[in-house]
Structures are given as structure tokens and as C-alpha cells.
Amino acid sequence: MDILDLLKSLLSLSLGDFIRRTFGTGPGTELLIDIGGVVMLSTFCLLIVIFLIWLTRKLIARMQDRIGPNRVGGRFGLLQTVADVMKLLTKEVIHPSGADWVAFNAAPILIVIAALLVWAVMPFAPGVIGVDLNIGIFYVMAISSASVIVILLAGWGSNNKYALLGAFRAVAQMVSYEVPMILALLVPIILAGTMSTKGIIDAQTIPFIFLAPISALIFYISTLAETGRTPFDLLEAESEIVAGYHIEYGGMKFGMFFLAEFINTLFWAGLFVTIYLGGYRFFGLENWVSADGYPYGRLIGLIVFFAKVFFMYFVFDWVRSTLPRVRVDQILNLNWKFLVPVSLVLLFAVAIVDKLIPTGTNAIVRMVIHLVLNVVIAAATLEILRRRGRQNRLATPGGGSGGAVAVPHDGHDGGHGHGAPQPIEDVPDVLDAPLGAREPVVVPVH
Amino acid sequence: MSQQIIFFLLAAITLTSAIVVVTMRNLFHAALALMVSFLGVAGIYILLEAPFLGMAQLLVYIGAISMLIIFAIMMTRRLMQTNETPFNSQVIGSLIGSLLVLAILVLVIGRLYPLAPADAVLQTAPQVDPAVLQSSVARMGRSFVSAEAYVLPFELASVLLLAALVGSIIIAWPRRGEEDNQ
């Protein structure tokens with residue numbers, strides 16, 4: 001036991017090596033290190049939520065021109081969440097009548113377990129990873145797909161029609177958005193040639209966001225839907241179904257759902273950073289080992305990783321506080337008619353192009369080729385959307401100026417040229433138009 | 001040794017929840033127990049150094065098939081509130097059936113994996129090179145598309161799934177006549 005050794009090991013995030021040096025190697029030591037790692041990782045995830053909730057409330061308040069929490073714990077309200085948790089913990093446990101006891105009580109526990117399980121493959125710094133599975137991304141997708149069941153449990157077990165409606169919405173949304181998410185994730189997997197999260201970071205001499213920007217965008221939109229955040233938060237739309245699948249939960253049981261949502265958001269931000277922004281890479285500094293053998297570079301890697309993660313978290317909150325909620329049919333239309341086709345085309349194109357590039361090509365040349373490919377696909381997508389939108393506007397008498405309420409008169413942007421005005425019954429619903437069909441903005445005059 | 005303990009734990013979980021599935025009166029709880037049973041099987045796959053298969057089990061059986069079953073149960077709420085016992089009284093028929101299955105299983109497994117002779121040394125699980133395990137997913141992917149391996153079954157399965165997908169869309173497609181009525 002050497003205090004200096006311990007301090008240096010702590011600073012260089014190599015506590016496992018310290019334990020091996022102190023207690024000798026063996027299966028018992030490894031078990032100790034494994035259990036310690038699991039406890040540390042899950043405790044970290046649970047504790048950081050206290051900070052995340054405060055951060056989100058502060059950020060959204062600032063964006064909405066409010067002050068946010070500013071009473072409990074000093075000027076900045078740092079202890080506001082602690083007080084909230086205290087309140088949640090002291091609340092009475094209420095079971096709604098007719099609730100399914102098993103499902104109702106298992107759901108809050110299982111949802112936190114599912115949210116914590118995926119952190120096992122998150123690489124924080126070189127060598128600081130729960131377990132480097134060679135199927136890392138697949139593992140994440142499997143867990144997040146299985147965790148949808150838990151929401152169904154909560155919604156069904158509550159014996160409440162709003163909870164059940166919320167659960168159905170959540171399942172429809174999450175199951176649908178898994179498709180473009182997996183298709184988009186296949187692009188970086190093709191580029192890296194591995195599904196291991198560590199392997200993907202090692203492959204990013206240039207961050208993949210420059211090689212696969214469209215894939216990054218699709219993945220980002222899918223994670224917004226997967227975490228059920230605005231603009232896709234209609235699984236808990238307050239104005240329609242009160243609070244969705246967790247309406248009947250109170251006290252800390254509700255707190256568990258809240259907790260899982262924040263852990264998940266941070267996780268998806270972390271996965272985005274890992275896959276598209278190069279994770280902990282910082283010009284090779286993250287692999288720096290000092291002269292006496294302590295890998296201090298890991299600390300640099302950790303700081304870089306969390307700087308990127310909190311930037312992504314900020315973007316999540318930015319979107320959350322700026323965009324309005326979209327309708328359920330619009331969400332599913334956006335998914336099946338836009339994101340899935342685009343990601344399929346992208347996957348085919350990237351697979352073929354990456355196969356055509358000979359191995360050993362300069363990384364920058366490869367990046368330029370992929371970037372050009374992405375720009376071409378984006379331009380083609382926009383052009384197709386513009387034509388579809390134009391056709392829709394032309395097919396609508398009145399030039400689409402009235403939206404769904406189509407008045408049969410000649411439009412002002414090309415409504416001429418198709419003969420007699422159509423009867424109203426034949427007017428296609430402009431609200432069902434594909435994405436990109438420009439709906440006119442009507443500014444009410446007060 | 002620890003492998004055996006974990007195996008027996010997983011087997012106990014799988015079998016117990018499987019028994020719960022067939023004896024539970026509440027259909028929803030039976031579906032939940034079925035999920036636990038699937039989870040136990042996934043655990044056995046992971047124990048046998050096949051993590052990809054284990055995760056596929058999780059993704060397909062819990063993420064998709066259990067979801068389908070639970071949705072089907074939720075749509076039939078009246079069916080769930082029955083208090084009838086799930087057993088019927090065909091004891092003799094089921095006894096004959098299960099004995100037949102047992103006999104076939106014993107025959108087939110005994111033929112495939114003959115018991116070691118009494119004087120043989122008890123073997124432990126063979127050690128697999130970690131490099132082989134690490135690249136198992138890549139090797140599996142290559143064997144799916146290589147002409148010497150499984151390209152034909154793989155492509156046939158994909159065509160079947162695609163046909164099912166197209167078929168389901170066609171069934172859900174609004175007919176031309178019905179469209180006017182809406």
C-alpha cells in the first residue's frame with residue numbers, strides 16, 4: 001500500500017493496475033476489480049443524473065428567457081435536484097386499483113436496469129471501458145430493443161387508458177425508429193470494419209462525421225425519437241395523453257422513469273460521440289504514458305470525451321427547447337417514407353464505394369470520396385423532395401395556399417393549366433404530403 | 001467449475017419460467033415468464049462463447065416475438081380474465097407424446113455425442129484461442145456470403161423474408177374500390 005502510488009493510479013485512471021500490484025494477480029483479484037468496476041460505473045451513471053437534471057433545467061430556462069432553479073443550494077440552485085429527490089423519496093406509494101402488481105412494480109426497476117446495461121460498452125478513455133465486446137453496437141441495439149417491452153409493461157400494468165395509449169405510441173415510435181438507426185449505424189460499421197466501440201474509435205483517424213454526415217444526421221434524429229424527446233415526445237404529450245405510460249406512477253417510481261430517460265439521453269450522446277466524433281481521441285495525447293509508467297493520457301482522453309458528450313447533450317437540450325411536437329402520423333411518415341429509404345440508399349452506396357476504394361488509400365482521399373458521395377445523395381434527396389412537393393402543390397387547387405381547406409380558385413403559384421376546378425372531395429390532404437412539401441406559412445394579423 | 005454453476009443456474013431459470021408459462025392462468029404473466037425463459041437461453045448462448053447468437057436471441061425473441069405475443073394478448077382482454085385452469089384432462093395422450101419426444105431426444109443426442117467410456121479421463125471444455133473468438137463475427141459474416149459456406153440458405157432466407165414483407169404490405173394496401181368509400 002503506497003499512498004503516492006494510489007494517488008497516481010487514481011489520477012491516471014488505472015485503479016485496476018494498482019489493485020493488481022497491491023493484492024497480486026489471480027481470479028479473486030479480477031473478480032474484485034470487475035465488481036468494483038460495475039459498482040463504480042453504475043453509481044457514476046446514477047449520480048450524474050442529479051447534475052444532468054439541473055443542467056437541463058438551467059439550459060431550457062435560459063433558452064426560454066427564464067432564470068431556472070435559483071433558490072436551493074446557492075445562487076445557481078445546484079441542490080435543487082437533491083431537494084426534488086428527497087421529495088420523491090418521501091412520497092406515499094400508491095397502487096392504482098386494478099393494476100397488475102407484477103408489471104406495475106417491475107417496470108420502473110427494469111427500465112433503469114436496461115438504461116444501465118448499455119453503458120458496459122461505452123469507451124470513456126483508452127483502456128477505460130466496461131467490456132470491449134466485438135459485437136458492441138449490436139449489443140446496444142439488442143438491449144434498447146428489448147427495453148421497449150418495459151414501457152409496454154408500465155403502460156399495461158397501470159390499468160389506465162392514457163397509460164396504455166402512451167405505451168402503444170412509444171412502442172410504435174421506438175420500434176419504427178430502430179430501423180433507420182440500425183441502417184445508419186451500419187455505415188460507420190462498414191467504414192471501421194468492426195462492431196466493437198473501441199475498434200470504431202481506433203478506426204477514426206478522421207472523425208466519421210466527415211465521412212458519413214448523412215448517416216450521423218439520421219442517427220441523431222433516430223436517437224431523438226428513441227429517447228422520446230421533443231420533437232418526438234408524443235409518448236408523454238401532456239396535452240393529449242397527460243403523461244403517457246408513466247401517468248399512474250408517483251414518488252420514486254416515477255423518479256425511476258425520469259432517471260432512465262436522462263441516463264439514456266446521456267448514453268446516446270456518448271454513443272454519437274464515440275461513433276461519429278472520434279470519442280476520446282485527442283491527437284494521440286490520450287495514449288501518453290509518463291516515464292514512471294502511469295498512463296496519464298487516459299485523463300486527457302476522459303476530459304475530451306466528456307467535453308464532446310456534454311456538447312452533444314447541449315444540442316439535445318437545444319432541440320428539445322426549440323422545436324414543437326409533431327403529430328403521430330407525421331412521425332411515422334417521416335420515418336418510413338423518408339429516413340428508411342434514404343438510409344437504405346446510403347448504405348448501398350457507401351458499401352459499394354468503400355469496396356471500390358483500394359486498401360491503403362490516403363485517409364484524406366478516402367474522406368473526400370465519401371464526402372462527395374454524401375453530398376451527391378443529399379442533393380438528389382433534396383431534388384426529389386422538391387419535385388414531389390411541387391407536384392403536390394400543383395395538384396392542389398388554390399396552389400396550396402389554403403392548406404387542407406382548399407378553396408377551388410386559381411392559385412397564384414402555378415395553379416392554372418389544369419382545367420376546371422376540382423371538386424373538394426378529390427383534393428389530396430396536404431397534411432399527408434411527403435416531407436418537404438412546403439406548406440404555406442400563414443401569419444395571423446392581429 | 002464456475003461455468004457449470006452458471007449453466008445450472010441459467011438452466012434452472014429457463015426451465016422454471018418455462019413451467020410457469022404453461023401453468024399460469026394469467027396470460028400476460030405467462031408471456032412475461034416466456035420472456036424470462038428466452039433470456040435464460042440467451043444467457044446459455046453467451047456462456048457458450050456465442051455472444052452474437054445471444055444478442056440475436058435478445059433482439060429477435062424478446063424485442064420482436066414477445067412484443068408480438070404481448071400485443072396479441074392485449075387485444076384480447078376478455079380472454080385473459082378467464083379463471084379456467086389451463087389443463088385439460090388428456091393425461092394419457094400427453095404422457096405418450098412426451099415419452100416419445102424423450103426417446104427421440106435420447107436416441108439422437110446419444111448418437112451425436114456418445115457418452116465417454118468409463119475409463120476415459122473427464123474432459124474440461126476445450127480452450128478456444130481468444131483471437132478466433134474476437135473475429136468470430138467477421139468470420140460468420142464471411143461465411144454467410146461465401147460460395148463454399150452458407151450463401152444459398154442465407155439468400156433463400158432473405159428472399160423469403162422480403163416476400164413476407166411485400167406480401168404484408170399488399171394485404172394492408174387499400175383496395176381501389178375501398179378508397180372511394182373512405
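Can you put A:Asp233, A:Asp2 in order, fewest other beta carbons within 10 Å first?
Working: A:Asp233 20, A:Asp2 11.
Going from least to most buried by this count: A:Asp2, A:Asp233.
For A:Lys253, list the lysines whose Cα falls under 26 Å from its own Cα; do not include residues on the same chain fewer than 8 positions away.
A:Lys58, A:Lys87, A:Lys91, A:Lys161
Among A:Ile384, A:Ser42, A:Leu373, whose Cα sits farthest toward the positive end of the charge dipole of chain A (+1 at Cβ of Lys/Arg, -1 at Cβ of Asp/Glu, about the Cα centre)?
In chain A, that residue is A:Leu373.
If r is the Cβ-Cβ distance from A:Ile377 to A:Ile109 and R0 is 51 Å, what FRET efficiency results, to the nearest 0.05? Let's see the in-between values first.
Values: r = 43 Å, r/R0 = 0.85.
For R0 = 51 Å, the calculated efficiency reads 0.70.
In cubic angstrom, how much convex hull volume per residue do the alpha carbon atoms of the protein assembly as shown span? All intermediate terms of the calculation are to be shown ahead of the outcome.
Values: hull volume 160.0 nm³, N = 628.
Spread over its residues, the Cα hull of the protein assembly as shown gives 255 Å³ apiece.
Any idea how far the Cα center of the range A:20-65 sits from the one of the range A:277-345, in Å?
Here the answer is 18 Å between Cα centres.
I need the calculated FRET efficiency for the pair A:Ile67 and A:Thr29, taking r as the beta carbon distance and R₀ as 60 Å, to the nearest 0.05.
Computed FRET efficiency for A:Ile67 and A:Thr29 comes out at 0.75.
Counting only the backbone N, which residues of the range A:126-141 are under 17 Å from the spot 7 Å out from the Cα of A:Arg20 toward its beta-carbon?
Output list for this probe position: A:126-132.
Sorted by average packing, counted as other Cβ atoms within 10 angstrom per residue and highest first, what order do B:161-174, A:303-316 take? Don't skip to the end; give the middle numbers.
Details: B:161-174: 9.4, A:303-316: 18.2.
The packing order, highest mean first, is A:303-316, B:161-174.
So if we plug the beta-carbon distance of B:Arg142 and A:Ile48 into 1/(1 + (r/R0)^6) with R0 = 51 Å, what FRET efficiency do we get, rounded to 0.05? Intermediate results must be reported in sequence, preceding the final value.
Values: r = 41 Å, r/R0 = 0.79.
After rounding to 0.05, the efficiency reads 0.80.
What ranking, highest mean first, results for peptides A:290-296, A:346-352 when packing means the other Cβ atoms within 10 Å averaged over each residue?
Working: A:290-296: 13.4, A:346-352: 16.4.
Highest mean packing first, the order is A:346-352, A:290-296.
Return the Rg/Rh ratio of the range A:26-142 with Cα-based radii and a Kirkwood Rh. Mind dumping the intermediate values first?
On the way: Rg = 19.0 Å, Rh = 17.8 Å.
That ratio is 1.07, to two decimals.
Across peptide A:348-361, what mean number of C-beta atoms from other chains lies inside 10 Å of a residue's C-beta? Don't skip to the end; give the middle numbers.
On the way: counts 0, 0, 0, 0, 0, 0, 0, 0, 0, 0, 0, 0, 0, 0.
Averaged over the peptide's residues, the number is 0.
Output wanted: per-residue J couplings in Hz (rounded whole) for the range A:120-126, from phi through Karplus 6.51 cos²θ - 1.76 cosθ + 1.60, θ = phi - 60°, x for Gly and Pro.
Calculated HN-Hα couplings, in order: 4, 9, 7, x, 7, 7, x Hz.
Can you give the extra length, in nm with one decimal, that the chain gains between A:Ile3 and A:Gln391 once fully stretched, where that is 0.36 nm per residue apart less the Cα-Cα distance? Kindly include the intermediate steps, with their values, before the conclusion.
On the way: separation 388, 0.36 × 388 = 139.68 nm, distance 7.40 nm.
Extending this stretch completely gives an extra 132.3 nm.
How much length would be gained if the chain were fully extended between A:Asn362 and A:Phe310, taking 0.36 nm per residue of separation minus their Cα-Cα distance, in nm to one decimal?
Working: separation 52, 0.36 × 52 = 18.72 nm, distance 3.18 nm.
Taking A:Asn362 through A:Phe310 to full extension adds about 15.5 nm, to one decimal.
Before rounding to the nearest 500, sum -39500 (n - 2.57) across all DSSP H runs of length at least 4 in the protein assembly as shown and divide by the residue total; then give [θ] at 222 nm in deg cm²/dmol. Provide the component values of the computation, followed by the final result.
Numbers: 27 runs with 401 residues, N = 628.
Value at 222 nm, helices only, nearest 500: -21000 deg cm²/dmol.
Provide, as a two-decimal number, the C-alpha radius of gyration of the range B:1-85 over 2.2 N^0.38 Å, N being how many residues it has. Can you show the working numbers first?
Details: Rg = 14.6 Å, N = 85, 2.2 N^0.38 = 11.9 Å.
Cα-based Rg divided by the globular estimate yields 1.23.
Over all residues in B:55-68, what is the mean tally of Cβ atoms on other chains that come within 10 Å of each residue's Cβ? Spell out each step's value before the answer.
Values: counts 10, 3, 2, 7, 10, 2, 1, 7, 12, 4, 0, 3, 7, 0.
The per-residue average across the peptide is 5.
What's the exposure ranking of A:Trp156, A:Trp336, going from fewest to most Cβ atoms within 10 Å? Intermediate values should be presented prior to the final figure.
On the way: A:Trp156 24, A:Trp336 13.
Neighbour counts put them in this order, fewest first: A:Trp336, A:Trp156.
Can you give the local net charge around A:Ala142? Use residues other than it whose beta-carbon is closer than 15 angstrom to its beta-carbon, Lys and Arg +1, Asp and Glu -1. Show your work: numbers first, answer last.
Numbers: positive: none; negative: A:Glu178, A:Glu226.
Here the charged neighbours net out to -2.
Would you please give the residues with an amide H less than 5 Å from that of A:Asn159, counting only those at least 5 places away or on a separate chain, with H modeled from the backbone geometry?
A:Asp100
Readers should treat all values here as calculations from the given coordinates under stated rules, not as data from a laboratory. Only a predicted model underlies this, so the values are computations on that prediction, with no experimental measurement involved. Methodologically, a virtual Cβ is constructed for each residue, glycine included, from the backbone with ideal geometry; neighbour enumeration extends over all protein chains shown.
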